[in-house]
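Student: Below is one structure. I have some questions about it.
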Amino acid sequence: MNAMGVHMTAEQVLALAPDDASRRAGSRLGTAGPWSGTGCDGGAVWGVCKGSGSSPYRTVVDTTGPAYTCSCPSRKFPCKHALGLLLLQAADGAAFEDATVPDWAGPWLTARRGRAQGQARRTGGAAPEGPADPEAARRRAERRASRITSGAQELEQRLADLLRGGLAAAEQSGYGLWEETAARMVDAQAPGLAGRVRELGSIPGSGPGWPVRLLEECALTHLLDRAWLTADRLPAPFATTVRTRVGLTAPAGGTPVRDHWLVLAQYDAADARLTTRRIWLHGTSSGRTALLLSFGPAGRPPRLALPVGSVLDGEVTPHAGSGQLRAEPGEEFVPVARPASPPPGGPVGEALDAYGRALTEDPWLDSWPVTLSGVVPARAEYGWQLADADGREALPLTPTAQSRPGLWRLVALSGGAPVTVFGECGHRGFTPLAAWSPEAPGETVPLI
């Protein structure tokens, strides 16, 4: 039996868009005009969209994933036609009658569902296969650890030279020396250290107070170096966190958690090499917060996309390490037709306490997921903030959050009244990602 899908709202559909251009293009296709042959079977929707070419585009969406296929040449997932098809369904569900899957859509749907069922059978209790040659794997791990140790020692010398010469000299030396050091960390197979070096190189001359920021980041980098060099004397969970921070990835190995997961937020961050997608989930029964990461080549969004505000039945497997929220998704999430309340929240003080506790387990955390309840967006002398309703404490919004359209969506949702807000709390401030009003606690409003 096919898993049943649910209709997404227009906001949930638009949250799947890989970029603003796709969001605008998909919105233009969310009307009945260009579409014909639309239909659904409970777990999928399909349609034919008239385009600028001689042949129309055939689009199919498996709503139990969701997953998409389209005959258009776009390399974006989902493409504008998939977004338009889902927007049309959100606006006019009557246009999608239950029907037999057409011949041109059937093979893709059959293959996709067959793979999902086969993977579920293969992983239904079978022990994971170990490496073909454990001894060779151990030797490779030792060689890499030795290279990382050499890289950490070299970086320690670089930091010592910087402090000996004075922080002011960092502005005159330029970025080239930092990039050279980062390249050495890449050669040492320590991408985490390379990333921290590039961050250090971007600070000199970056604005008022940059020497203080540089000193703070140097201290954190030094702490990571020393932690790696003495990892054998650290508690096991913290040692795992250190290995992760220097760039040693490990497969998810925790106990799988099955739950109904509320999709809180989804957003992408890109650099010259990679596009990283972050998806925050809240387990409605377990109360657990989970972070799913997926990756795509530079310029292309990752394939994993979950509609914000939807509730999905599925399983996630957490990674090891102190303070780690990252998890790996199971083979398939099945939409559940039920509303979900926001995660339990608290005042600003509780959010700051939560971030402080997380830092004791992972000092290199940039932010921590928290839910604020009963807060009001307000403009202060230095910018926007979220303040407790009694005005006793407030959290400033990060500069990035203050420049996004989501800020005005939050202000409009509040209208001066208290709201519940989920986001990331860090040393730069608070980044709101989703919000709920008291009048509609089951409706998640994405802010990014």
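The values are calculated or read from the model by the stated rules, or taken from the named source; none is laboratory data. If you're wondering where the values come from, they're calculated on a predicted model, not measured in any experiment. Note: ideal-geometry Cβ built from the backbone for every residue, glycine included; neighbour counts use all protein chains shown.
Student: For region 359-379, which positions are in contact with a strand residue (DSSP E or B) (Cβ under 7 Å, 6 or more places away or on another chain) and either over 28 Å from residue 307 (Cα atoms) or assigned by TED's automatic domain parsing to the domain that holds residue 221 (or both)?
Tutor: Within region 359-379, just 378 meets the criteria.
Student: Okay, moving on. Just for helices (runs of 4 or more DSSP H) wholly inside region 165-279: which have at least 3 residues that are touching a residue at least 60 places away in the same chain (Cβ under 8 Å) and surrounded by 13 or more Cβ atoms within 10 Å (Cβ to Cβ)?
Tutor: By residue number, 210-229, 236-246.
Student: Moving on to the next point. Report, by residue number, each residue of region 399-432 that is among the hydrophobic types (A, V, I, L, M, F, W, C) and either part of a helix (DSSP H, G or I) or farther than 15 Å from residue 348 by Cβ (or both).
Tutor: Listed by number, the residues that qualify are 401, 407, 408, 410, 411, 412, 413, 417.
Student: Let me ask another. Which numbered condition trips up residue 343, out of (1) part of a strand (DSSP E or B); (2) in contact with a His (Cβ under 8 Å, 6 or more places away or on another chain)?
Tutor: (1)
Student: With without any contact (Cβ under 8 Å) to a residue 12 or more places away in the chain, over 20 Å from residue 289 (Cα atoms) and surrounded by fewer than 17 Cβ atoms within 10 Å (Cβ to Cβ) as the only criterion, which of 337, 380, 417, 412 stands out?
Tutor: 412
Student: In addition: Go through region 57-97 and count every residue that is part of a strand (DSSP E or B) and in contact with a strand residue (DSSP E or B) (Cβ under 6 Å, 6 or more places away or on another chain).
Tutor: 9
Student: Taking the options 3, 90, 44, 32, name whichever one is crowded, with 22+ Cβ neighbours inside 10 Å, among the hydrophobic types (A, V, I, L, M, F, W, C), more than 23 Å from the chain's Cα centre (by Cα) and at pLDDT below 90.
Tutor: Matching residue, one of 3, 90, 44, 32: 44.
Student: Among (1) of a type in the set (Ser, Thr, Tyr); (2) more than 19 Å from residue 249 (Cβ to Cβ); (3) modelled with pLDDT of 90 or more; (4) surrounded by fewer than 14 Cβ atoms within 10 Å (Cβ to Cβ), which single condition is residue 146 missing?
Tutor: For residue 146, the exception is condition (2).
Student: Ok, one more. Under 6 Å by Cβ, and 6 or more places apart or on different chains, what pairs join a residue from region 33-60 that is within 15 Å of residue 88 (Cα to Cα) and polar (S, T, N, Q) with one that is assigned to a loop (DSSP other than H, G, I, E, B) and modelled with pLDDT under 90?
Tutor: Short answer, once both residue conditions are applied: 38/96.
Student: Moving on. Just need a number here: residues in region 228-283 that are in contact with a strand residue (DSSP E or B) (Cβ under 7 Å, 6 or more places away or on another chain) and not charged (D, E, K, R).
Tutor: So the count comes out to 21.
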